[in-house]
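Here the structure is laid out as structure tokens; the discussion comes afterwards.
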Amino acid sequence: MPLPVRALGCAALLIALGTGACAPMKTHQGYVIDKELVDAIQPGIDNRDSVLQTLGRPTLTSQFAEGEWYYVSRDSSNLGFQTLKPADQTTLRIRFDAAGNVATVDRMGKEMIASIDPYGKTTPTLGHKRSFFSDLFGNIGTVGAPGTGGGGAPGGGQ
């Protein structure tokens, strides 16, 4: 009688582990948004220093428009070994005027996520295809040749 009890116990354990492995894993990345603190930022009243003290350092700043700060918060989930899928994303963009005062506060959601599908294993480029050996041995015979800019002779080839 002990053998069937062990077999049933092992089967129950395997079923419990199997169903537990299928539970979605939820993750949070980025800024933890506190709605009350975000609502406290007012255009025309706050400046860079007050935003920094209220919300902390931004997730990123704009590379092209110097007066923009971004606070990004993303919740994702996945099953097993699948890739993460965003469940929710909130991006808070704060724009500053030339004097450093808050001009606008914008909230953007999951609809702003860009999906980029890579093209195979390589990135297509313009020009001719070169092989490994062409890259490795391609310069043999061109060093110091006229018109290549190399100095084949002492004194720079002149």
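The values are calculated or read from the model by the stated rules, or taken from the named source; none is laboratory data. Everything numeric here is computed off the predicted structure, so don't read it as measured data. No Cβ is skipped: glycine too gets one built from the backbone with ideal geometry, and neighbour counts run over all protein chains shown. For accessibility, only protein heavy atoms count, side chains too; no ligands or nucleic acids. Shrake-Rupley method; radii C 1.70, N 1.55, O 1.52, S 1.80 Å.
A quick yes/no check of all residues on (1) at negative phi; (2) part of a helix (DSSP H, G or I); (3) modelled with pLDDT under 80:
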site: Leu3; (1), (2), (3): yes, yes, yes
site: Ala7; (1), (2), (3): yes, yes, yes
site: Ala11; (1), (2), (3): yes, yes, yes
site: Ile15; (1), (2), (3): yes, yes, yes
site: Gly20; (1), (2), (3): yes, yes, yes
site: Ala23; (1), (2), (3): yes, no, yes
site: His28; (1), (2), (3): yes, no, yes
site: Val32; (1), (2), (3): yes, no, no
site: Glu36; (1), (2), (3): yes, yes, no
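The residue pairs whose first member lies in segment 86-101 and is more than 22 Å from Phe64 (Cβ to Cβ) and free of Cβ contacts under 8 Å to residues at least 24 places away in the same chain, whose second member is open to solvent by 50 Å² or more (accessible area, probe 1.4 Å) and in a strand (DSSP E or B), and whose beta carbons are closer than 8 Å, counting only pairs six or more residues apart or on different chains, are Asp88/Arg74; Asp88/Asp75. Taken over segment 73-91, the criterion of being surrounded by fewer than 18 Cβ atoms within 10 Å (Cβ to Cβ) and assigned to a strand (DSSP E or B) is satisfied by Ser73, Asp75, Ser76, Ser77, Asn78, Lys85, Pro86, Ala87, Asp88.
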